[in-house]
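Heads up: the structure comes next, in structure tokens.
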Amino acid sequence: MQSKTIGLNTICTHTGEVRDEQFKGAVSPIYMSTSYAFEDVDVKRYPRYFNTPNQEALGKKIAALEHTEAGMIFTSGMAAISHALMAFLKAGDHVVFQQTLYGGTYNFATTQLERYGISYTFSDGWGAADIAKAVKPNTKVVYIETPSNPLLTITDMRAVANLAKSKGIVSMIDNTFASPVNQNPADYGIDIIIHSATKYMGGHSDICAGAVAASKEHMQQIWHSSICFGGSLSDQTVWLLERSLKTMGLRVKAQNQNAQGMAIFLQAHEAIDQVYYPGLPSHEDHHLAASQMHGFGGMLSFELTREIEPSDFMKQLQLIKPSMSLAGVESTMLLPVATSHSLMTPQDRAAQGIKDGLIRFSVGIEELDDLKADIAQALKAATQKSAMTI
Ligand SMILES: *Cc1c(COP(=O)(O)O)cnc(C)c1O
């Protein structure tokens, strides 16, 4: 079947699947072999060549989901990010990173790149014009993240893709927060689309993986360096990820709806100061988000009024789990200052507008009313506690 003519949930359920010709089972069999024939075969297969039957099956599904020609799977999101970057960079080159960046990518840039003689600039903001200003004659890659972590800023993908194309620069995006359900950067001309599949693709907080989608030509270049770095994923986990992706459309759409409901609820609550969610008309990039996303996603962040200690509030939660990571079917919250952005200097955090009391909320698929009730009771309990200590 042609991916362009079939819908999202059909791609999620079927595209790429390995047909079980022998027993006619409904799902792809797992091929655990690390040794395949080399004679009389079209493809010499080996796990670290990223071409076992299960890896290829999943790569096809990811390519179809992201409207690209090719897809590859890695051991983690950071493996996908680092392998993709290193495929296009060499000593003397320069990269522009969007200022608001996932903490691990920021850490990779600031601790690793200079060791290879690669220089980099963080843009002064997240707008396409800010990124354009940071481009130098030796810039080879521009790297963006939209919606960004944790403030959900939105960057104009068309403008960044056009800028890159006009200068012969490779454009890359971390599309983790949106997932392929809510945003397809290839439609706007972005070259390399990267996911931490640990998040919405896996969706159940039990798989660590990464994915890249790109044209065949770009993927060939990524493949050549990736077989040296070796970040291929075990076929058991590849298979589990294929299973997870079958429900991604259903899960993420439910998360979009819950997040919109939570954003409206939080914005109206007297104990909340600020809510950051691109689906709110009050979000500064709401119109841009609406023009380039199919849905606004399941992530939001918020600040409590100054009287309430964020950790007091989080300790009172009964249903929502204070925990690391994001995008599972279960709702979770964390403090970026203590987790995802703890490796960043306080000055850099402040420059990005990440306050110490900011709470990031990954909205799950629970019933919206139950989530609202949990937050309402936790805010009430934390408010009473603060009233007692004054
Ligand atoms: C988690 C995450 C990553 C890194 O993925 P890992 O699977 O943890 O290596 C990269 N980008 C974003 C936006 C993430 O949320």
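The values are calculated or read from the model by the stated rules, or taken from the named source; none is laboratory data. The shown structure was predicted, so the numbers you read here are calculated from the model rather than taken from an experiment. Quick reminder, even Gly has a Cβ in these numbers, built from the backbone with ideal geometry, and neighbours come from all protein chains shown. Note: accessible area is taken over every heavy atom of the protein model, side chains too, but ligands, DNA and RNA are not part of it. Shrake-Rupley method; radii C 1.70, N 1.55, O 1.52, S 1.80 Å.
Working carefully through the options Ala378, Ala382, Ala351, find the one that is outside the structural domain of Thr176 (by TED's automatic domain parsing), open to solvent by less than 10 Å² (accessible area, probe 1.4 Å) and at pLDDT below 95.
Ala382
Examine the stretch 47-55 for a residue that is open to solvent by 90 Å² or more (accessible area, probe 1.4 Å) and in a loop (DSSP other than H, G, I, E, B), and state whether such a residue exists.
Checking the stretch 47-55: not a single residue is open to solvent by 90 Å² or more (accessible area, probe 1.4 Å) and in a loop (DSSP other than H, G, I, E, B).
Count, please, the residues in the stretch 314-344 that happen to be more than 12 Å from the ligand (Cβ to nearest atom), open to solvent by less than 30 Å² (accessible area, probe 1.4 Å) and more than 21 Å from Glu367 (Cα to Cα).
Qualifying residue count, the stretch 314-344: 1.
If you check Gln267, Gln236, which single one turns out to be modelled with pLDDT of 95 or more, over 29 Å from Arg158 (Cα atoms) and not assigned by TED's automatic domain parsing to the domain that holds Asp206?
Result of the check over Gln267, Gln236: Gln267.
Between a residue in the stretch 65-81 that is of a type in the set (Val, Ile, Thr) and any residue that is modelled with pLDDT under 95 and near the ligand (Cβ under 8 Å from one of its atoms), which pairs come within a Cβ distance under 7 Å, given they are 6 or more apart or on different chains?
Within 7 Å, the pairs are Ile81/Thr105.
Of the conditions (1) of a type in the set (Ser, Thr, Tyr); (2) open to solvent by less than 50 Å² (accessible area, probe 1.4 Å); (3) assigned to a helix (DSSP H, G or I), Ser291 fails just one. Which one is it?
Ser291 satisfies every listed condition except (2).
More than 16 Å from the ligand (Cβ to nearest atom), surrounded by 17 or more Cβ atoms within 10 Å (Cβ to Cβ) and more than 30 Å from Lys136 (Cβ to Cβ): which single residue out of Ala268, Ala263, Ala214 fits that description?
Residue meeting the stated conditions: Ala263.
Is it fair to say Ala109 is within 16 Å of the ligand (Cβ to nearest atom), open to solvent by less than 10 Å² (accessible area, probe 1.4 Å) and part of a helix (DSSP H, G or I)?
yes
Out of all the residues in the stretch 64-85, is one or more part of a helix (DSSP H, G or I), out of contact with any Asp or Glu (no Cβ under 9 Å at 6 or more places or on another chain), more than 16 Å from the ligand (Cβ to nearest atom) and not polar (S, T, N, Q)?
Checked against the condition, which is being part of a helix (DSSP H, G or I), out of contact with any Asp or Glu (no Cβ under 9 Å at 6 or more places or on another chain), more than 16 Å from the ligand (Cβ to nearest atom) and not polar (S, T, N, Q), the stretch 64-85 yields at least one hit.
Residue under question is Ser179, and the condition is that it be within 16 Å of the ligand (Cβ to nearest atom), surrounded by fewer than 24 Cβ atoms within 10 Å (Cβ to Cβ), under 21 Å from Ser323 (Cβ atoms) and not aliphatic (A, V, I, L, M); does it hold?
In short, no.
Search the stretch 119-136 for residues that are of a type in the set (Lys, Arg) and pair each with any residue that is open to solvent by less than 40 Å² (accessible area, probe 1.4 Å) when their beta-carbon atoms are under 6 Å apart and the residues are at least 6 apart or on different chains.
Within 6 Å, the pairs are Lys136/His94.
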